[in-house]
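Asks: Below is one structure. I have some questions about it.
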Amino acid sequence: MKIAIVGATGEVGRMMITCLAEFNLPVSQLDLYASERSEGMILYYVDKPLVVHALDESSLLKHYDYVLFSAGAGVARSFAPIALAACEVVIDNSSAFRREANIPLVVPEVNGDQVVGYNGIIANPNCSTIQLILPLAVLDRLFGLTKVVASTYQAVSGSGHKGILALQDQRQGSSDKGIYPELIDLNVIPQIGGFLDNGYCQEEDKMHFETRKILRKENIAISTTTVRVPVVHGHSIAVYAEFEREVDLAEAAKALKNSPSIVFSENTFFTPLKLGNSNDSQVCRLRYGTDKHSLAFWNVAHNVRLGAATNAIRILMLHAKAAGLL
């Protein structure tokens, strides 16, 4: 397969390269693009050095089987249509196309049917949405999801490399807030993205919209509070969910344990430091909520892997298999 990555030098772009290698995909050509300041940088795919090229309007005019974007919404809106003129599928990690009614927003294990036979732009969901949707979809199929209340604890790498640098600098004694509205070291910030007129911030609004779109249930009641915490990698979510039907706790546990891309534990809990290179959504502390029509659980996942790069590569793999490329 011929693949291009736009935004290859960022946290997610580099992880896309890593995931392509880890999943052992038959890549015959891999071209890397980034901004002019990254031109000439050398990155490695397996053991092969690859030169990063500056992105311009002529970069994506040659044919690729897949073009992966992880360069921000502005770049995606400008260059994804150019890429589509010469290739079949663009997978975009930004928020640029997630709300477009005719563009699929995909977590392969949940709504991968939207990818089969489709050519065009495919949107990769928000990081915290992806890890949360995986267990919610399992529970929805069993009991009929009606309401979600969730609080996230999101790592600084969710802000890109500048977020990591801000935490590292402050840990060394800097008083510079960096990209955050307050110091992040030894602190938590209950705001991710700008505040909207309804009092929610942009990250919360993303989760509300994307959960309904992916599950194809517009009537789900959902309220989230998204919080930035001084963790480098790994988003955590405390989840409360209500259901139409009475919940059988043992049945819920069994279903989660047997579902793809979920690691379930009844006897311990997960933390971001324990994630390592996991590509799964970790679910633990499963228990009844306020009654037997509700559940509460703790959910942890690697935000740069499952929450971004891994999900994008899994979309690619699902489409490629259906298209006979794998």
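The values are calculated or read from the model by the stated rules, or taken from the named source; none is laboratory data. This is a predicted model, so every value here is computed, not measured. Cβ placement follows ideal geometry from the backbone for every residue including glycine, while neighbour counts extend to all protein chains displayed.
Asks: At least 2 residues that are farther than 21 Å from Cys87 by Cβ in each: list the strands (runs of 3 or more DSSP E) lying fully within segment 18-75 that qualify. Spell out the reasoning first.
Replies: Values: elements: 29-34, 42-45, 48-54, 66-69.
Once the strands (runs of 3 or more DSSP E) in segment 18-75 are filtered for at least 2 residues that are farther than 21 Å from Cys87 by Cβ, what remains is 42-45, 48-54.
Asks: List pairs: first residue in segment 22-46 and assigned by TED's automatic domain parsing to the domain that holds Leu68 and closer than 20 Å to Arg314 by Cβ, second residue among the small types (Gly, Ala, Ser) and surrounded by fewer than 18 Cβ atoms within 10 Å (Cβ to Cβ) anywhere in the structure, Cβ distance under 7 angstrom, at least six positions apart or on different chains.
Replies: Once the first residue is assigned by TED's automatic domain parsing to the domain that holds Leu68 and closer than 20 Å to Arg314 by Cβ and sits in segment 22-46, its partners that are among the small types (Gly, Ala, Ser) and surrounded by fewer than 18 Cβ atoms within 10 Å (Cβ to Cβ) give Tyr45/Ala21; Val46/Ala21.
Asks: Please verify whether segment 138-149 includes one or more residues that are closer than 30 Å to Asn258 by Cα and of a type in the set (Gly, Ala, Ser).
Replies: Yes, that holds for at least one residue.
Asks: Of the residues Phe195, Phe143, Phe97, only one is of a type in the set (Phe, Trp, Tyr) and assigned by TED's automatic domain parsing to the domain that holds Arg314; which?
Replies: Details: Phe195 fails: assigned by TED's automatic domain parsing to the domain that holds Arg314; Phe143 fails: assigned by TED's automatic domain parsing to the domain that holds Arg314.
Phe97 is the lone residue from the list that is of a type in the set (Phe, Trp, Tyr) and assigned by TED's automatic domain parsing to the domain that holds Arg314.
Asks: Same structure again: Taking strands (runs of 3 or more DSSP E) that fall entirely within segment 214-302, which contain at least 2 residues that are of a type in the set (Ser, Thr, Tyr), surrounded by 20 or more Cβ atoms within 10 Å (Cβ to Cβ) and assigned by TED's automatic domain parsing to the domain that holds Arg98?
Replies: Output list is empty.
Asks: Anything in segment 189-224 that is of a type in the set (A, V, I, L, M, F, W, C) and closer than 30 Å to Phe243 by Cβ? List them, or say none.
Replies: Those that are of a type in the set (A, V, I, L, M, F, W, C) and closer than 30 Å to Phe243 by Cβ: Ile192, Leu196, Cys201, Met207, Phe209, Ile214, Leu215, Ile220, Ala221, Ile222.
Asks: Filter segment 175-214 for residues that are basic (Lys, Arg) and closer than 17 Å to Cys127 by Cβ and give the result.
Replies: If the condition is that a residue be basic (Lys, Arg) and closer than 17 Å to Cys127 by Cβ, then Lys206, Lys213 are the ones that fit.
Asks: Still on this structure, I have one more. For Val51, work out the one condition from (1) modelled with pLDDT of 95 or more; (2) closer than 22 Å to Gly324 by Cβ; (3) of a type in the set (A, V, I, L, M, F, W, C) it doesn't fulfil.
Replies: The number of the failed condition is (2).
Asks: Follow-up question, since we're still on this one. Taking segment 89-107 as the search range and keeping residues that are hydrophobic (A, V, I, L, M, F, W, C) and touching a residue at least 60 places away in the same chain (Cβ under 8 Å), which one is farthest from Lys321 (Cα to Cα)?
Replies: Across segment 89-107, the extreme among qualifying residues is Leu105.
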